[in-house]
Amino acid sequence: MEFLITGARVLDASTQEARPEPTNILIRDGVIAAVGADVVPDEVERFDARGHLAIPGFVNAHYHSHDVLLRGRYEQLPLEAWMIWTNPGVYPRRPDDEVRLRTMLGASEALRTGITTVQDMVSIIGQERAHVDALFSAYEQIGIRAVVGMQIGDLGMADTLPWGHEASAGARALMSKAGDPAPMIAFAEALLDSGPELLTWAAAPMGPQRVSDVILGWAGRVSAERGLPVFTHTYETRTQAVVARLNFPQDNGSLIRRLERHALLTPRLTLAHGVWIDADEIIQLGAAGANVATNAMSNLKLLNGVAPLRAYARAGVNLAIGCDGCSCSDVQNMFQGMKAFAQFWALQGDAGETGAARAALSAATLGGARAVGLEGKVGLLKPGYRADLSLIDLSDPSWRPFNNALLQLVYSEAGRAVRHVFVNGQMVVRDQVLQTADEALLTAQAEAARAALAPQIEALAATNATLTPALMEIFRRAEGYPLPFDRMRLR
Ligand SMILES: [Zn+2]
């Protein structure tokens, strides 16, 4: 299986030319075999890509397939008050078809915007094997590369919040209760050798503030034994920085110390968010060679502030970009993520510097690849890398005129010109049409699923009317708790 993409200009994070010259890309058995204008084998199938920019497929390093159906429903809620609408655990058992559909919908949007790898930190409630099979079936059909982490958490809600036990009795009665970690761990571990060809695994303790020592201990062990990446929500909110200080004295009030105690501070670790982290903890992460998947879109929507991107980079922390779940970012689009990254990067630096766009593209490709355990396999358009790439149509208005491939990719392109997408050498999007699923059918199924889900969302209103004031009170109280740093400002 061999074909030649001809006449594309090639841009990856290593490209120095503003307007790279057209060249050819030879793909053999799903791998980039050669790149160059003089690569012109006889007797090979050709794909004419003149007038296009070839870029590596993006790695969306933080995402949840479980809340895709909730896009466009919420705004201006802090995380704690948002979760009681969006955490899968608050809903009745989902139909198997819905699990398959939501996975397809999220992946289809991702592919259409040039995301070829997703890190899916998915909550499967009740250890339902049928739901895992639905997820596998969706990923296998749609043909995206997926790094799946079965998200598990066992602490009760009151224990994950500062002053959680001071809430009213009525509110406390409605808070989720602690669960038994043993079946969660057994379920997650048993899955690690299963799944379709393009699916690999990660461990996904929900967050060091939301899981017991038992789950963190397991994650540290299984990661070391199997070389598994680990993804965990850490310091997403100011409230989490407060809960670290108040609820985890055994870890000196530090979630990073908590991860370290369980042998999790390694290059395989990725913190999702990492906004409310202090300067010493950043140094610790950098010394460990760990990663942070920053999610500017959801960090802003959930009123969390801005991750200290420059401080991470200075400390040697590898940065990746995530789009997070559709209930808090509403979109799977790395162009939005890259642009926000570049702009915050610039604001945290000095006037007159350059390099923000390159830092953003690097995080969206190479940084993500490293975070998800695919370093050296995806993220560059070089021989030996998997053929995961997009062809961007340079006749789109965003590219008129074509001045600078890197800067226009990050600042001008919004996803509209993503015309063809390949994963592992397979063309999964052609002329902006998904090749692996019927999009009209997906649209109809999404509407049907929305109609079925809507009354169940409504049914949460009574419970949430009692819980919301208690959670907002905790949020406000945490806002007033003194911390020696601030992430609502830009430096
Ligand atoms: Zn998340």
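Using alpha-carbon pairs under 8 Å, 6+ residues apart, how would you state the relative contact order of segment 56-371 in percent?
RCO, segment 56-371: 21 percent.
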Task: Solvent-accessible ranking of Lys377, Lys177, Lys339, largest area first, probe 1.4 Å - done: Lys177, Lys377, Lys339
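Out of all DSSP beta bridges in the chain, what portion is antiparallel? Express it as a percent rounded to 5.
Working: 25 of 61 bridges.
Just about 40 percent of them are antiparallel.
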Task: Unit charges on C-beta of K, R, D, E only; dipole of segment 409-464, Debye - done: 160
TODO: Can you give me the span-like helices of the chain, meaning DSSP H runs with 18 Å or more of Cα extent along the axis and Kyte-Doolittle mean at or above -1.0?
DONE: 96-112, 129-142, 213-226, 334-347, 439-459, 461-479
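In the neighborhood of Glu236, defined by Cβ-to-Cβ distances under 11 Å, what is the net charge if each Lys or Arg adds +1 and each Asp or Glu adds -1?
+1
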- [ ] Using the Cα centre as the reference, give the magnitude of the dipole from point charges on the C-beta atoms of segment 24-172 (Lys, Arg: +1; Asp, Glu: -1; all else neutral), rounded to the nearest 20 debye.
- [x] 300
Open item on the list: Place a point 7 Å from the Cα of Gln76 along the Cα-to-Cβ direction; which residues of segment 262-302 have their backbone N under 16 Å from it?
Closed with: 300-302
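Where a ≥ b ≥ c are the square roots of the eigenvalues of the C-alpha gyration tensor, would you call segment 56-371 rounded, which needs a/c under 1.5, or, failing that, prolate if a/b is larger than b/c, or oblate?
Verdict is rounded for segment 56-371.
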- [ ] Show which aspartates and glutamates lie in cross-link reach of Lys377 when reach means a straight Cα distance below 12 angstrom and same-chain residues fewer than eight apart are skipped.
- [x] Asp388
- [ ] Express the accessible area of segment 56-371 per residue in Å², computed with a 1.4 Å probe while the remaining protein chains stay in the model.
- [x] 31
Open item on the list: Name the residue from Ala203, Thr160, Ile215 whose Cα lies farthest towards the positive end of the charge dipole of segment 154-218, charges +1 on Cβ of Lys and Arg and -1 on Cβ of Asp and Glu.
Closed with: Thr160
- [ ] Just subtract the alpha-carbon distance of Met472 and Ala279 from 0.36 nm times their residue separation and send over the number in nm, one decimal.
- [x] 66.7 nm
- [ ] Tally up the carbon and sulfur contribution to the accessible surface of segment 1-156 as a whole percent, 1.4 Å probe, everything protein left in place.
- [x] 46
Open item on the list: Cut-off under 21 Å on the C-alpha distance; same-chain residues fewer than 8 positions from Lys339 excluded. Which lysines are left, in chain and number order?
Closed with: Lys301
- [ ] Could you pull out which residues in segment 12-36 have an amide N less than 17 Å from a spot 7 Å beyond the Cα of Asp396, following the Cα-Cβ vector?
- [x] 12
Open item on the list: For a Förster distance of 41 Å, can you work out the FRET efficiency between the beta-carbons of His165 and Arg430, rounded to the nearest 0.05?
Closed with: 0.15
Open item on the list: What does DSSP give for segment 1-128 in terms of the percent of beta bridges that are antiparallel, rounded to the nearest 5?
Closed with: 50
Task: Solvent-accessible surface ranking, highest first, for Arg210, Arg358 at 1.4 angstrom - done: Arg358, Arg210
Task: Gyration tensor verdict on segment 1-159 (Cα atoms; rounded if a/c is under 1.5, prolate if a/b is larger than b/c, oblate otherwise) - done: prolate
Task: Anisotropy class of segment 382-491 from Cα gyration tensor, a/c 1.5 cut - done: oblate
- [ ] Please give the length that would be gained between Gln141 and Asp48 if that part of the chain were fully extended, namely 0.36 nm times their separation in residues minus their C-alpha to C-alpha distance (nm, one decimal).
- [x] 30.9 nm
Task: Computed E for Ala462/Arg129 - FRET, C-beta separation, R0 22 angstrom, nearest 0.05 - done: 0.10
Task: Net +/- balance of residues flanking Gly289 in space, Cβ distance below 11 Å, scoring K and R +1, D and E -1 - done: +2
TODO: Can you send over the carbon and sulfur percentage of the accessible area for segment 375-436, probe radius 1.4 Å, protein chains only?
DONE: 48
TODO: Could you state how much accessible area Glu45 has, in square angstrom rounded to the nearest 10, with a 1.4 Å probe and all protein chains kept in place?
DONE: 130
Task: Cβ-derived FRET efficiency at R0 30 Å, Lys382 paired with Leu407, nearest 0.05 - done: 0.85
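The values are calculated or read from the model by the stated rules, or taken from the named source; none is laboratory data. All figures in this text were calculated on a predicted structure; none of them were measured in a lab. A quick note on method: Cβ atoms are made from the backbone with ideal geometry, for glycine too, and the neighbour counts reach across all protein chains shown. Each accessible area value is taken on the protein alone, full model and side chains, heavy atoms only, with ligands, DNA and RNA left out. Shrake-Rupley method; radii C 1.70, N 1.55, O 1.52, S 1.80 Å.
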